[in-house]
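This report concerns only the one structure given below.
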Amino acid sequence: MFGRVFKIGIILMTYCFIAALLLGVIQGITKPKIDAVNNAKKIDGMKRVLPFADKFIERKTSDGLIYYVGVSSSDTTKVLGYIVEAIGRGYSSDIVTLVGVDTTFKIVKINIMSQSETPGLGTKAVESSGGNEPPFQAQFSNKIADELYLNKDGGKIISITGATITSRAIVTSVRIAITNLKHKIREEE
């Protein structure tokens, strides 16, 4: 009896070892491709939120906040704006948003990079018609952090019908990200 259980255990362990080895090899092969696609997606997102910048320089504050400085290719010393990532917990996922602001910290544009919200409700934050900017995201342009509250909370951003949690998560995360960025950049200067 013990010998049979031992034999089955060895066989199972062998299968697990081979599966783990294959998964490791496959991950090693696909990781560079996945990283390249994610990097291209992030650069495209940066160009969307700060369209007048040609180049983006990564910076990190002393406490670890990563942001990007948008500059022109011809004059990399003149700051045109900043990009920061905002992450908020929505109804069913973390919502990652790139936020482009000018040098006065007024929002140029936002771009939701990833989300897994409820189809037909929370996903309306990224849905557009006719190739235009999604209506929910368009509301953020030309606003400062103090204006970023939902209309239900006395602010200027109209929430998505049936997706208040998603709307509030995006608005709150963007407001916090801009406020943190503003304070960190002023501290670093």
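The values are calculated or read from the model by the stated rules, or taken from the named source; none is laboratory data. None of these values were measured; they are calculated from a predicted model. So basically every Cβ, Gly included, is an ideal-geometry build from the backbone, and we count neighbours across all protein chains shown. For the accessible areas, the whole protein counts, side chains as well, though only heavy atoms, and no ligand, DNA or RNA atoms are used. Shrake-Rupley method; radii C 1.70, N 1.55, O 1.52, S 1.80 Å.
Residue 158 is checked against (1) of a type in the set (Val, Ile, Thr); (2) touching a Phe, Trp or Tyr at 6+ places or on another chain (Cβ under 9 Å); (3) surrounded by 17 or more Cβ atoms within 10 Å (Cβ to Cβ) and fails just one. What number does that condition carry?
Condition (3) is where residue 158 drops out.
Of the residues 175, 186, only one is closer than 21 Å to residue 100 by Cα, of a type in the set (Lys, Arg), more than 16 Å from the chain's Cα centre (by Cα) and assigned to a helix (DSSP H, G or I); which?
On inspection, the qualifying residue turns out to be 186.
If the Cβ limit is 6 Å and pairs must be 6+ apart or interchain, which residue in the stretch 56-81 that is more than 20 Å from residue 39 (Cβ to Cβ) and β-branched (Val, Ile, Thr) pairs with which residue that is in a strand (DSSP E or B) and open to solvent by less than 80 Å² (accessible area, probe 1.4 Å)?
79/69
Looking only at the stretch 131-151, count how many residues are part of a loop (DSSP other than H, G, I, E, B) and either open to solvent by 80 Å² or more (accessible area, probe 1.4 Å) or touching a Cys at 6+ places or on another chain (Cβ under 7 Å) (or both).
Number of matching residues: 3.
Touching a Lys or Arg at 6+ places or on another chain (Cβ under 6 Å), of a type outside the set (Ser, Thr, Tyr) and open to solvent by less than 10 Å² (accessible area, probe 1.4 Å) - does that describe any residue in the stretch 86-104? Before the answer, list the steps.
Filtering the stretch 86-104 for residues touching a Lys or Arg at 6+ places or on another chain (Cβ under 6 Å) gives 100.
Filter again for of a type outside the set (Ser, Thr, Tyr), leaving 100.
From the residues that got through so far, the ones that are open to solvent by less than 10 Å² (accessible area, probe 1.4 Å) too are 100.
Within the stretch 86-104 (the criterion being touching a Lys or Arg at 6+ places or on another chain (Cβ under 6 Å), of a type outside the set (Ser, Thr, Tyr) and open to solvent by less than 10 Å² (accessible area, probe 1.4 Å)), the answer is yes, since at least one residue qualifies.
I'd like the full set of residues that are open to solvent by 60 Å² or more (accessible area, probe 1.4 Å) and more than 17 Å from residue 184 (Cβ to Cβ), limited to the stretch 49-74.
Taking the stretch 49-74 as the starting set, the residues that turn out to be open to solvent by 60 Å² or more (accessible area, probe 1.4 Å) are 51-52, 54-55, 58-60, 62-63, 66, 73-74.
Hits for the stretch 49-74 are 51, 52, 54, 55, 73, 74.
Out of 34, 26, report the one residue that is open to solvent by 80 Å² or more (accessible area, probe 1.4 Å) and closer than 30 Å to residue 120 by Cβ.
Exactly one of 34, 26 is open to solvent by 80 Å² or more (accessible area, probe 1.4 Å) and closer than 30 Å to residue 120 by Cβ, namely 34.
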